[in-house]
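Chemist: I have a structure here, written as structure tokens, and I will follow up with some questions on it.
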Amino acid sequence: MEKLAINYHLTRNCNMGCKYCFATFEEATKTNLSLVEKKLIIKKSSKYFDKMTFVGGEPLLDKDLVELIKYSKELGMTTMLVSNGSMITDNFLESLKDHLDWVSLSIDSLIEENNNFIGRKCNCFKANRESYLKLIENIKKYNYRFKINTVVSRANISENIGSFINEAMPERWKIFQVLKIEDVNEKEFEKFKVENSEFQNFIKKNITSELSNIAVAEDNDLMECSYYMINPEGKMFDNYNGKMSFSDSLLNVDVLDALDQLNISKDKFYARGGLYNWKKEF
Ligand code: SF4
């Protein structure tokens, strides 16, 4: 198997409460894995995956995050973090500059009221254009490769986020159509749902020619079964047919056995542009 990319949802804890969040993992029963167990999951993953992305919840709430990023780098993997940004400090960035390759920020709106409506809010961070730009300046100061993820929903469909992206200039801008997952985020989903045509209009409006080489758009179809993902219990999972299914934990089985229990398509991984030049030379 060619080495691809995997997302490890280290924790379901988050200091924000986005109503369309799919990474709440309420069904998980054993989420307090030890450092040794988490390392074993990473070690097994490194046999088949070349890039390890740490996600949550908010991954900075996991006390082992720094250690696990360093461990993944020691194993030769490209390392990436996906964060809501609220807890990223200078100290954190300084301590990981030789171990973490990419920092990705989840930025769905530049308008605080819209972020409040989404639930993208906490006491320690004002989710607005000014705060995000300041944070991005800091991230770039440490020479990280930098990416932005944006979920398009009813809350931000009218915003011109492209103009902000022009200013922030990430190396990669991922734009997702908000996705419904059964028994996870369906309760309030109707408030946020956007049709395919609306998503395509957002893409047309926001991806200007300057952004065409960094922007990657994923509608609901492209997002289905195209990601390799691990939950906080160490189980791999898919999102086939709008529902999450889980494998046995990687604490007990190998990656290939876990994949046999799931519907994840390598072709769809390629089709969504999952493979790109992610290596960083130090
Ligand atoms: S910030 Fe991210 S992990 Fe936290 S609730 Fe929002 S979408 Fe979920």
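Chemist: Using +1 on the beta carbon of Lys and Arg, -1 on that of Asp and Glu, and nothing else charged, what's the dipole of the stretch 4-271 about the Cα centre, debye to 20?
Modeler: In debye, rounded to 20, the stretch 4-271 gives about 500.
Chemist: Here is a further query. Along the Cα→Cβ direction, 7 angstrom out, place labels at LEU133 and MET87. What is the inter-label distance in nm?
Modeler: The answer from the label model is 2.8 nm.
Chemist: If the chain between GLU195 and ASN116 were fully stretched, how many nm would it gain, using 0.36 nm times the residue separation less the Cα-Cα distance?
Modeler: In short, 26.2 nm is gained.
Chemist: For LEU251 paired with GLU94, estimate the spin-label separation in nm (one decimal), with each label point 7 Å from Cα along the Cα-to-Cβ line.
Modeler: With each label placed 7 Å out from Cα toward Cβ, I get 3.6 nm.
Chemist: Let me ask something else about it. Between the stretch 8-56 and the stretch 83-105, how many Å separate their Cα centres?
Modeler: Each part reduced to its Cα centre gives a spacing of 17 Å.
Chemist: Counting other Cβ atoms within 10 Å of each Cβ, which GluC sites (Glu not before Pro) in the stretch 1-40 have at most 15 and sit in a DSSP loop?
Modeler: Hits after loop and neighbour filter: GLU2, GLU26, GLU27.
Chemist: Stretched out fully, how many nm does the piece from LYS126 to ASP183 gain, at 0.36 nm a residue minus the Cα gap?
Modeler: Extra length from LYS126 to ASP183 when fully extended: 17.5 nm.
Chemist: By how many nm would the segment from SER163 to LYS63 lengthen if fully extended, with 0.36 nm per residue of separation less the alpha-carbon distance?
Modeler: Taking 0.36 nm per residue and subtracting the Cα distance, the gain is 32.4 nm.
Chemist: Positive end of the charge dipole of the chain (Lys, Arg +1 and Asp, Glu -1 on Cβ, about the Cα centre): tell me which of GLY234, PHE125, ILE41 has its Cα farthest that way.
Modeler: Result: PHE125, furthest along the dipole toward the positive end.
Chemist: Could you work out the local net charge near THR150, counting Lys and Arg as +1, Asp and Glu as -1, over the other residues with Cβ closer than 12 Å to its Cβ?
Modeler: Its environment carries a net charge of +1.
Chemist: A further question follows. From Cα pairs below 8 angstrom and at least 6 apart in sequence, can you work out the relative contact order of the chain, rounded to a whole percent?
Modeler: 21
Chemist: For the stretch 4-271, give me the percentage of DSSP beta bridges that are antiparallel, rounded to the nearest 5 percent.
Modeler: About 15 percent, rounded to the nearest 5.
Chemist: Now a separate question. Over the residues of the stretch 197-259, compute the C-alpha Rg and express it relative to 2.2 N^0.38 Å.
Modeler: The stretch 197-259 yields a ratio of 1.56.
Chemist: Something else now. Give, to the nearest whole percent, the P(r) tail of the stretch 4-271 beyond 36 angstrom, counting all Cα pairs.
Modeler: Of the Cα pairs, 8 percent sit more than 36 Å apart.
Chemist: Can you list the cysteines of the chain that have no other Cys Cβ under 4.7 Å away?
Modeler: Cys with no partner Cβ under 4.7 Å: CYS14, CYS122, CYS124, CYS225.
Chemist: Ordered by residue, what ³J(HN,Hα) values in Hz, to whole numbers, does the stretch 117-122 give under the Karplus form 6.51 cos²θ - 1.76 cosθ + 1.60, where θ = phi - 60° and Gly and Pro are x?
Modeler: So the Karplus estimates, Gly and Pro as x, are 4, 5, x, 7, 7, 7 Hz.
Chemist: Would you mind computing, in nm to one decimal, how far apart the modelled labels at TYR270 and TYR48 are, each placed 7 Å from Cα along Cα→Cβ?
Modeler: Rounded to a tenth, the inter-label distance reads 1.8 nm.
Read-outs throughout are calculated quantities, based only on the coordinates presented, and are distinct from any laboratory measurement. Remember, it's a predicted structure, so these values are computed and weren't measured experimentally. Cβ: placed from backbone, ideal geometry, glycine included. Neighbour counts: every protein chain shown.
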